[in-house]
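Report on the following structure.
The values are calculated or read from the model by the stated rules, or taken from the named source; none is laboratory data. What you see is a predicted model, and the numbers here were worked out from it, not measured in a lab. Cβ placement follows ideal geometry from the backbone for every residue including glycine, while neighbour counts extend to all protein chains displayed.
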């Protein structure tokens with residue numbers, strides 16, 4: 001008798017979208033249906049909407065829960081937990097369908113190449129450091145500028161996927177991408193502030 005192959009996370013998300021009622025599911029219902037007790041799966045799922053350009057509304061729903069999970073990693077909590085108010089946030093069926101399609105489009109290739117390696121990076125002792133990076137990347141999603149959620153969302157998703165599959169190389173790739181983005185964001189903010197200061201000085205001096 002042939003064993004039934006275990007479903008991947010992306011396949012589970014696709015089935016979740018198909019089964020969703022029009023009003024969708026709350027984050028608590030989604031987490032329960034995923035039946036995952038690892039931070040990687042939760043963060044990957046929450047990061048998916050942020051990776052999809054022009055998907056409005058959903059990134060704002062998931063940003064604070066992402067921060068909550070990343071912070072729990074930093075303080076060394078063993079299993080993810082969401083406060084009732086955040087867990088009650090809903091993603092409707094349309095949003096879940098877009099997440100499933102986006103997940104397959106942007107991360108389907110990762111399933112073919114990801115594998116356990118560089119295990120010292122994904123070990124328990126490293127999770128707090130990884131959580132700190134994920135917290136910073138998740139916080140940058142809240143910056144109120146167009147298209148500022150896509151790159152950090154990708155960084156969180158890749159890092160979380162690598163964490164879930166014990167692939168240290170994927171974790172490092174996600175951290176490098178996110179660090180580059182945050183650095184660019186900070187540099188842009190300083191340059192913008194400098195330009196505004198120079199213009200203000202010129203106007204006041206004239």
Here is a list: 134, 82. Which entry is out of contact with any strand residue (DSSP E or B) (no Cβ under 8 Å at 6 or more places or on another chain), crowded, with 16+ Cβ neighbours inside 10 Å and within 20 Å of residue 26 (Cβ to Cβ)?
82
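Taking the criterion of being surrounded by fewer than 16 Cβ atoms within 10 Å (Cβ to Cβ) and modelled with pLDDT of 80 or more, would at least one residue in region 33-40 satisfy it?
No.
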Looking at region 134-188 only, could you name the residues that are outside any helix (DSSP H, G or I), under 14 Å from the mean Cα position of the chain (by Cα) and either under 17 Å from residue 44 (Cβ atoms) or modelled with pLDDT of 90 or more (or both)?
141, 149
Does residue 24 satisfy the condition of being modelled with pLDDT of 85 or more and farther than 30 Å from residue 112 by Cα?
no
For residue 125, all conditions in the list (1) more than 19 Å from residue 50 (Cα to Cα); (2) in a helix (DSSP H, G or I); (3) in contact with a strand residue (DSSP E or B) (Cβ under 9 Å, 6 or more places away or on another chain) hold save one; what is the number of the exception?
(3)
If only one of 52, 91, 110 is in contact with a strand residue (DSSP E or B) (Cβ under 7 Å, 6 or more places away or on another chain) and surrounded by 15 or more Cβ atoms within 10 Å (Cβ to Cβ), which one is it?
91
